[in-house]
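The values are calculated or read from the model by the stated rules, or taken from the named source; none is laboratory data. Computed from a predicted structure; not experimentally measured. Cβ sites come from the backbone with ideal geometry, for glycine too, and all protein chains shown count toward neighbours.
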Amino acid sequence: MSNRIFATAQDAENAFYEALERCDLDGMMAVWAEDEDIVCIHPTGPRLTGQDQVRESWAKIFAGGPGARVQISHPVAISGMMIAVHSVHENFTVQGDPRPRPPVIATNVYLRTPAGWRMIVHHASPAPAQPEAAPRDAPPKILH
């Protein structure tokens, strides 16, 4: 059991992204509820449930070591007394690689437990491609 207490869902979310950047498996799992009903879905990956599957997936991701930075944008938070849902865009950059990467859209769900706020769901998906802007010299569209 983790000794860390997250007083708010935002504290848990901050710890989640800090552990992600550091490739810190113990720090990552300290954010998650110690429950078999947790769910994690990585971009284009299958649904993982329970402590063992979630831990194993993060261990594989972290095996390459740190190097990626993540900046969160477009946050939307819905909070209640016992549950909080955060939707964010995860914007990744990789050290030494200047290529822009499309954002990942993530939904993080936190539950207030006797041990503080803990993550129960992380669902990340590639963001849809942005539509191309219309050419500036195109005639205006007129609807009748």
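Residues in region 32-62 that are surrounded by fewer than 16 Cβ atoms within 10 Å (Cβ to Cβ), in a loop (DSSP other than H, G, I, E, B) and in contact (Cβ under 8 Å) with a residue 24 or more places away in the chain: E34, D35, D37, P43, T44.
Collect the residues in region 1-31 that are surrounded by fewer than 17 Cβ atoms within 10 Å (Cβ to Cβ), part of a helix (DSSP H, G or I) and among the aliphatic types (A, V, I, L, M), keeping them in residue-number order. The answer is L25, and nothing else.
In this structure, M119 does not qualify as of a type outside the set (D, E, K, R), in contact with a Lys or Arg (Cβ under 9 Å, 6 or more places away or on another chain) and either on the phi < 0 side of the Ramachandran plot or at pLDDT below 95 (or both).
Screening region 92-107 for residues that are among the charged types (D, E, K, R) and assigned to a loop (DSSP other than H, G, I, E, B) and picking the one that is modelled with the lowest pLDDT gives R99. Assessment of region 128-139 against the conditions (of a type in the set (S, T, N, Q), at pLDDT below 90 and surrounded by fewer than 15 Cβ atoms within 10 Å (Cβ to Cβ)) yields at least one matching residue.
Cβ-Cβ contacts under 7 Å between residues 6 or more apart (or on different chains), taken from a first residue in region 1-23 that is at positive phi to a second residue that is aromatic (F, W, Y), are listed as C23/F62.
Do we have V94 as touching a residue at least 40 places away in the same chain (Cβ under 8 Å) and within 25 Å of P128 (Cβ to Cβ) here? Considered against the rule, which asks whether it is touching a residue at least 40 places away in the same chain (Cβ under 8 Å) and within 25 Å of P128 (Cβ to Cβ), V94 comes out as no. Screening W32 with (1) within 20 Å of A77 (Cβ to Cβ); (2) modelled with pLDDT under 95 gives one miss only, at (2).
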